[in-house]
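The values are calculated or read from the model by the stated rules, or taken from the named source; none is laboratory data. The structure presented is a predicted model; accordingly, all values stated were derived computationally and were not measured. Virtual Cβ from ideal backbone geometry, glycine too; neighbours counted across all protein chains shown. For the accessible areas, the whole protein counts, side chains as well, though only heavy atoms, and no ligand, DNA or RNA atoms are used. Shrake-Rupley method; radii C 1.70, N 1.55, O 1.52, S 1.80 Å.
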Amino acid sequence: MEKVLTRNIGPEQTPTDLKAYEANGGYQGLRKALRELSPKDCQAVISDSNLRGRGGAGFPTGMKWSFVPMGDSCTPGHKYLVCNADEMEPGAFKDRLLMECDPHQLIEGMILAAYTIGADISYVFIRGEYVVAIERLRGALAECYASGLLGENILGSGFSLEMYVHPSAGRYICGEETALINALEGKRANPRAKPPFPQVSGLWGRPTIVNNVETLCNIPHIIDRGADWYKTLGRGEDSGTKMFGVSGRVKNPGCWELPMGTPIREILEVHAGGMQDGLQLRGFLPGGGSTDFLVPEHLDLAMDYNVIGKAGSRMGTGTLIILDDQTCPVGMVLNLIRFFAHESCGFCTPCREGLPWTRQVLQDIEDGRGQLEDLETLAYQVKYIGAMGNTHCALAPGAMEPLQSALKYFRDDFDRHISGGCCPYESYKAHQHQHQQIGTGA
Amino acid sequence: MNDAQMIQTDLGTVLTREEIRQIDAELAHVPYKAGAAIDALKIVQAQRGWVSDESLRAIAKHLEMSAEELDGVATFYNLIYRRPVGEKVILFCDSVSCWICGCDAIKAKLSAKLGVDYGETTADNQYTLLPVPCLGACDRAPVMMVADDLITHLDEAKIDQLFADVKAEDSVAGGEQ
């Protein structure tokens, strides 16, 4: 398979500087666009390519860009292009690799995106913990300014763009695009009501596009080599390649660039090396912590947005989290709900009050204090907290996804916790044992 | 700080000239001063380690916003510290992939070794232990950050090795396995 996004990323994962990036075809897409393509042409190529957003929602990128007012239909003032580099979805670890190893690919994608929508200011909104990526992106930006690839009149084209690396002060919710915009404005990162959509009224009330790191990394290649080429890269119905990852107790956890539509079994068994010795596959979250569980019967499905959607889950970030047969499914869902309850911004009631309630019910079941009625309570919570429209943003519905599918596929495990009055999994017991020793040992 | 570096405000709170220089540089990018609130908090925290009530009031005054509004921003973000922290902050990942790979036991070991739980600082003021959302290194789980360093493939032996210099009296003796 042809490597596109990772063509500059070797096994040592050393960073690619400007010279090495350009030597391998870097900034050719940008030069081509500035020389011979109008912003409208660029938007059309991206639309034709069927590129879908790699942050998790899978929204068509070209369509997103098409909502930005252009020319006379836009009031005078700034437009903004923001890269969402706030990778915090539990189990997602793909954008870190792209930024640490090939920062110029992201920058070129951002310049092209900004050119297409007519933005003159751009930000990489990156989580503060990504210190290596921050340093390398800043180094790459300095190289670009020194070489005329950023700033006034880029490569003599008349197009100008300023770009800033903006490290975040934390919180998962900043990955939601309107919350991210509030964070950029120096406010609490509560998501905003939509409409208005950021494409029309985003940062400081001006047209703003927020795209994921991986999405933007695709742009230079599509502009350089065309939509038809890009569509041939996928094995199924979706275009291009995708960063897929596997974490959990497999032999070779990692992150690989593979064609869209690669079967889950191939990702898990060939690339991740299968389960660790002595463990069986019980289920998996196909695209991060806020996606529904799938089970071994789904292994032959293609990792395409619609295929995974039809199976009752979402491809999300494309980073699989593996549940083995010696890890407690109730404990795993409890861990996820604890995360989401903690990361709720607190703005709306179902999320702020509902998720801690769900966490408490699950904690009771996990600790052996559960009652049969608790399962009805969980189903009720899934119904009302999980319904889109009951909450201000998608955090709480996302949190309910692993729970609702765990109740479907692992119902026996919930029952065994309740009937047995304890967690039946040895691994959990070992953890508990250790906690108790520490708690009482002093 | 000495007096020459300080600018007195009416609340008796102070920002250094260097802090003001850095904050004012951020103001060039925002349409109104409160827009630089998070940047200003980070600038002051970088100098002082944390954001005290006095620091908060000084920043708020400089940004022409109320201290209460700024505190609403400061307390929202987990990397802004409104209480003192140790020399190094440990950001311990307890999200799902690290949990599957046994981070609860590592956390117990770490807590025992340092004698602190989440939100606490060691007696020698070296380390503050905090939980953090998924660190995005799930293929190398369990992981944590110690100051700016990402530490991967954690196990109990690695905790012993990393914190070998922590004095015995600072740790919870009974917690040793």
### Query
Comparing A:Gly158, A:Gly283, A:Gly398, which has the greatest mean-square fluctuation in the GNM of chain A with Cα pairs linked when under 10 Å apart?
A:Gly158
#### Entry: At least 10 Å² of accessible area lost relative to the chain alone, listed for the range A:81-111 with a 1.4 Å probe
A:Met88, A:Pro90, A:Gly91, A:Ala92, A:Phe93, A:Arg96
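Hey, what's the range B:88-162 come to in accessible area per residue, 1.4 Å probe, Å²?
Working: 2360 Å² over 75 residues.
Per-residue value: 31 Å².
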### Summary
Which residues qualify? For A:Asp304, with a placed amide H closer than 5 Å and at least 5 residues away or on another chain, they are A:Gly261
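Can you give the mean number of other chain Cβ atoms that lie within 10 Å of the Cβ atoms in peptide B:98-107?
Details: counts 4, 11, 15, 5, 5, 2, 9, 6, 1, 4.
The mean count of partner-chain Cβ atoms within 10 Å per residue comes to 6.
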### Query
Taking a probe of 1.4 angstrom, what is the accessible area of A:Val200 in Å², to the nearest 10?
80
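Kindly sort A:Ser290, A:Ser157 by accessible area of their heavy atoms, largest first, with the probe set to 1.4 Å. Please list the in-between numbers first.
Numbers: A:Ser290 15, A:Ser157 50 Å².
From most exposed to least exposed: A:Ser157, A:Ser290.
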### Query
What residues qualify as long-range amide H neighbours of A:Gly254, i.e. H under 5 Å apart, gap of 5 or more or another chain, H built at 1.01 Å from N?
A:Val246
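May I ask for the net charge around B:Lys42, where only other residues with Cβ less than 12 Å from the Cβ of B:Lys42 are counted and Lys, Arg are +1 while Asp, Glu are -1? It would help to have the intermediate numbers written out before the result.
Working: positive: B:Arg48; negative: B:Glu19, B:Glu26, B:Asp39.
Summing Lys and Arg as +1 and Asp and Glu as -1 gives -2.
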### Query
Round to a whole number: what % of the accessible area of chain A belongs to carbon and sulfur, probe 1.4 Å?
50
### Task
Indicate the residues belonging to the range A:127-156 that lose 50 Å² or more of solvent-accessible heavy-atom surface (probe 1.4 Å) upon moving from the chain alone to the assembly of all protein chains, ignoring ligands and nucleic acids.
A:Glu129, A:Val131
## Note on the structure
Everything considered on the Cα gyration tensor (a ≥ b ≥ c; rounded for a/c under 1.5, else prolate if a/b is larger than b/c, else oblate), chain B must be described as prolate
### Sum of -39500 (n - 2.57) over DSSP H runs of 4+, divided by residues of the protein assembly as shown (222 nm, nearest 500)
-12500 deg cm²/dmol
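Just need the relative contact order of chain A here, percent rounded to a whole number, with Cα pairs under 8 Å and 6+ apart.
Relative contact order for chain A comes out at 15 percent.
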### Query
Residues with beta-carbon under 10 Å from that of B:Glu156, excluding B:Glu156: net charge, scoring Lys, Arg +1 and Asp, Glu -1?
+1
### Task
Assign one of three labels to the protein assembly as shown, namely rounded, prolate or oblate, based on the Cα gyration tensor with a ≥ b ≥ c the square roots of its eigenvalues; rounded applies when a/c is under 1.5, prolate when it is not and a/b is larger than b/c, and oblate otherwise.
oblate
### Query
If you take the charge dipole of the range B:3-76 about its Cα centre, with +1 on Lys and Arg Cβ and -1 on Asp and Glu Cβ, which of B:Gln45, B:Ala58, B:Val73 is farthest toward its positive end?
B:Gln45
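Once you sort the root eigenvalues of the Cα gyration tensor of the range B:3-76 as a ≥ b ≥ c, which label holds: rounded (a/c under 1.5), prolate (a/b larger than b/c) or oblate (the other case)?
Cα axes put the range B:3-76 in the rounded bin.
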### Task
Mind checking the per residue accessible area of the range A:308-349 for me, 1.4 Å probe, whole number of Å²?
26
## Note on the structure
Taking alpha-carbon centroids only, the range A:49-73 lies from the range B:73-112 a number of Å equal to 37
### Summary
The alpha-carbon center of the range A:370-409 and that of the range A:100-167 are separated, in whole Å, by 40
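Might you tell me the accessible area per residue for the range A:34-120, computed with a 1.4 Å probe and given in Å²?
Values: 2780 Å² over 87 residues.
Accessible surface, normalised per residue, equals 32 Å².
Any idea of the total accessible area buried by the B-A contact, 1.4 Å probe, rounded to 100 Å²?
Working: alone 9850 and 18120 Å², together 23860 Å².
Buried area (both sides, nearest 100 Å²): 4100 Å².
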### Message
I want the local charge near A:Leu299. Using Cβ-Cβ distances under 11 Å, sum +1 for each Lys or Arg and -1 for each Asp or Glu among the other residues.
### Response
-3
### Message
Check which residues have an amide H placed less than 5 Å from A:Ser168's amide H, if you skip close sequence neighbours.
### Response
A:Ile126, A:Arg127, A:Gly128
### Task
Could you name the lysines whose alpha carbon sits less than 24 Å from that of B:Lys113, not counting residues in the same chain fewer than 8 places away?
A:Lys429, B:Lys88, B:Lys158, B:Lys167
### Message
I need the phi-derived Karplus couplings for the range A:38-51: 6.51 cos²θ - 1.76 cosθ + 1.60, θ = phi - 60°, integer Hz, Gly and Pro marked x.
### Response
7, x, 5, 4, 4, 4, 5, 4, 5, 4, 4, 6, 6, 4
## Note on the structure
The distance between the Cα centres of the range B:30-53 and the range A:1-15, in whole Å, is 38
